[in-house]
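These notes are about the structure you will find just below.
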């Protein structure tokens with residue numbers, strides 16, 4: 001992708017000046033590499049899970065054997081109730097997930113860097129950002145770059161007001177209205193709701209007050225330039241996330 005100029009906006013949404021994007025935004029677009037790195041990042045966040053090794057087998061049981069006209073399953077020694085077998089009430093699971101299973105995936109360091117730079121380059125493509133479903137006003141230059149005063153906004157209302165002034169608050173409404181009840185068993189496992197991914201805010205330092213202001217918005221993620229990765233720039237491997245950079249953060253990207 002070729003280099004291009006972007007506007008720098010104030011916290012009130014006014015165009016202050018124009019700057020050229022760093023050379024990192026001119027990296028070749030490689031969706032295959034981005035997808036591989038993003039999938040590996042998600043896989044490496046998986047937490048091992050599984051039942052207790054003794055779940056469903058905490059009984060004193062024996063098998064009656066043949067000749068009684070009953071099924072040959074384990075039965076309680078102090079009674080005749082079936083227990084412990086996978087097809088019985090209170091029995092163990094037949095093929096449970098194993099906590100020792102390794103779900104992690106490896107990606108070469110150079111490949112991971114290539115994926116991050118490629119995902120970064122996709123941020124400046126308007127059509128690609130729209131294809132991801134993001135909503136914003138026409139005429140806005142992407143990625144959105146704001147003055148460093150944006151990093152000092154410590155309350156959620158100030159952040160929302162600033163994003164509205166720039167013209168990208170419609171994407172916040174899309175994420176808020178898109179919150180849905182998850183289909184399937186996840187509802188029972190502390191992940192009842194699904195919220196669409198919205199704006200990614202990139203600042204120069206982890207100590208910036210805007211972390212407190214932006215972190216409470218639905219679908220919005222905030223990170224420093226050190227924490228950028230293919231998984232955050234292209235969630236699910238789909239490149240073109242609507243991203244807001246502070247001016248200092250953009251300069252740090254230019255030093256890569």
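The values are calculated or read from the model by the stated rules, or taken from the named source; none is laboratory data. Predicted model, so just to flag it, every value in this text is computed and none were measured. As a convention, Cβ positions derive from the backbone with ideal geometry for all residues, glycine included, and neighbour counts pool all protein chains shown.
For the subset of region 175-186 comprising residues that are modelled with pLDDT of 95 or more and assigned to a helix (DSSP H, G or I), which member is nearest to the chain's Cα centre (by Cα)?
Within region 175-186, the match that is nearest to the chain's Cα centre (by Cα) is 175.
One line per residue, one yes/no per condition, for (1) part of a helix (DSSP H, G or I); (2) without any contact (Cβ under 8 Å) to a residue 40 or more places away in the chain; (3) farther than 18 Å from residue 211 by Cβ:
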position: 128; (1), (2), (3): yes, no, yes
position: 149; (1), (2), (3): yes, no, no
position: 159; (1), (2), (3): yes, no, no
position: 163; (1), (2), (3): yes, no, no
position: 173; (1), (2), (3): yes, yes, yes
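Going by the structure shown, is residue 133 over 20 Å from the mean Cα position of the chain (by Cα), under 30 Å from residue 254 (Cα atoms) and in a loop (DSSP other than H, G, I, E, B)?
For residue 133, the condition - over 20 Å from the mean Cα position of the chain (by Cα), under 30 Å from residue 254 (Cα atoms) and in a loop (DSSP other than H, G, I, E, B) - is not met.
Looking at region 183-203 only, could you name the residues that are loosely packed, with under 13 Cβ neighbours inside 10 Å and farther than 30 Å from residue 249 by Cα?
Hits for region 183-203 are 183, 184, 185, 187, 188, 189, 190, 191, 192, 193.
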